[in-house]
Amino acid sequence: LTADISSDLGLAALGGVDGVLRVFSTENGEQLYSSEKHTDWITAVAFSPDGVLLASADRAGGLVVWEALTGREFHPLGPRKSGVEALAWRADSMLLASGAQDGELALYEMQNGKQLRAWKSHGGVLSLDYLADGTLLSSGRDARARLWNEAGKEQAHFDGAQQLASSCAASFDGKLLMVGDMAGLVNVYQAGDAKSVRRLRANPATELELTAGQE
């Protein structure tokens, strides 16, 4: 159901319906460790940007941070009241954001594993991503994407999705925001402008199809 790769490309984490977190070496495919701590489907995994930590979450609200290299438990952050659908790390790896089925967004600091704040939006959070400046991007069941500051105050929202806004991502420099929906539409926004600047084809034509169209 979910996967992530560490920033140095050395580790791959996988989670699925059996509730087992598995971490592999990308060099030789060897499984380095696994954990059966989760009690339900694992719905999200995310390595911290510095590669030191790995967060995993499940459909029952379980949320755990691990030492990425060893698999030792670092911080148990759950359980949440609702299943966790999305995880995102701030660029400095010191703050983890989670998004849940009941619409709760929560922020955790990594020094002590404490929740800093939580608020609700979207009627159900489906995707999260951090911008380079620490602004949090979220999308969800209300067919919107939203930008939040670290106090949990909305800075902007972005319409244009035709159905559930199932995925969101920021460009590396934070200038562009991408929001995909369940209808297969991908809207691209400038971070400072609530209007879509372009739409991407979710299923672009293959080279063979393009060549055939020219004949």
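The values are calculated or read from the model by the stated rules, or taken from the named source; none is laboratory data. What you see is a predicted model, and the numbers here were worked out from it, not measured in a lab. Counting neighbours? That spans all protein chains shown, and the Cβs are built from the backbone with ideal geometry, glycine included. Remember, those area values only see protein heavy atoms, side chains included, never the ligands or the DNA or RNA. Shrake-Rupley method; radii C 1.70, N 1.55, O 1.52, S 1.80 Å.
Which condition number does ASP159 fail, the rest of (1) under 16 Å from the mean Cα position of the chain (by Cα); (2) touching a residue at least 12 places away in the same chain (Cβ under 8 Å) being met?
It is condition (1) that ASP159 fails.
In segment 1-34, which residues are of a type in the set (A, V, I, L, M, F, W, C) and either under 19 Å from ARG72 (Cβ atoms) or outside any strand (DSSP E or B) (or both)?
Correct list: LEU1, LEU9, LEU11, ALA12, ALA13, LEU14, VAL17, VAL20, LEU21, VAL23, PHE24, LEU32.
Restricted to segment 6-17, and to residues that are of a type in the set (A, V, I, L, M, F, W, C) and open to solvent by 50 Å² or more (accessible area, probe 1.4 Å), which residue is nearest to VAL52 (Cα to Cα)?
LEU9
Residues in segment 41-49: is at least one over 14 Å from the mean Cα position of the chain (by Cα) and open to solvent by less than 80 Å² (accessible area, probe 1.4 Å)?
No, segment 41-49 contains no residue that is over 14 Å from the mean Cα position of the chain (by Cα) and open to solvent by less than 80 Å² (accessible area, probe 1.4 Å).
Report yes if VAL64 is β-branched (Val, Ile, Thr) and under 16 Å from the mean Cα position of the chain (by Cα), otherwise no.
Yes, satisfied.
For (1) free of Cβ contacts under 8 Å to residues at least 40 places away in the same chain; (2) open to solvent by 20 Å² or more (accessible area, probe 1.4 Å), each residue gets a yes or a no:
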| position | (1), (2) |
| --- | --- |
| GLY19 | yes, no |
| ASN28 | yes, yes |
| VAL52 | no, yes |
| SER98 | no, no |
| ASP102 | yes, yes |
| LEU107 | no, no |
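Give just the number: which of (1) open to solvent by 30 Å² or more (accessible area, probe 1.4 Å); (2) under 15 Å from the mean Cα position of the chain (by Cα); (3) under 19 Å from SER93 (Cβ atoms); (4) hydrophobic (A, V, I, L, M, F, W, C) does LEU116 not satisfy?
(2)
Does segment 199-208 contain at least one residue that is farther than 26 Å from PRO49 by Cα and basic (Lys, Arg)?
Yes, that holds for at least one residue.
Taking strands (runs of 3 or more DSSP E) that fall entirely within segment 148-203, which contain at least 1 residues that are open to solvent by less than 40 Å² (accessible area, probe 1.4 Å) and aliphatic (A, V, I, L, M)?
So the answer is 154-158, 167-170, 176-180, 185-190.
Under 6 Å between Cβ atoms, at least 6 apart or on separate chains: pull out the pairs that start in segment 118-130 with a residue that is closer than 12 Å to ALA143 by Cβ and among the hydrophobic types (A, V, I, L, M, F, W, C) and end on any residue that is in a strand (DSSP E or B) and open to solvent by 20 Å² or more (accessible area, probe 1.4 Å).
LEU126/GLU85
Out of segment 177-212, which residues are free of Cβ contacts under 8 Å to residues at least 60 places away in the same chain and among the small types (Gly, Ala, Ser)?
Passing the criteria: GLY180, ALA183, GLY184, GLY192, ALA194, SER196, ALA202, ALA205, ALA212.
How many residues are without any contact (Cβ under 8 Å) to a residue 40 or more places away in the chain, touching a Phe, Trp or Tyr at 6+ places or on another chain (Cβ under 8 Å) and part of a strand (DSSP E or B) when one looks only at segment 72-96?
Within segment 72-96, residues that are without any contact (Cβ under 8 Å) to a residue 40 or more places away in the chain, touching a Phe, Trp or Tyr at 6+ places or on another chain (Cβ under 8 Å) and part of a strand (DSSP E or B) number 3.
Looking at (1) out of contact with any His (no Cβ under 7 Å at 6 or more places or on another chain); (2) surrounded by 15 or more Cβ atoms within 10 Å (Cβ to Cβ); (3) part of a loop (DSSP other than H, G, I, E, B), find the lone condition where ALA132 falls short.
The one condition ALA132 does not meet is (2).
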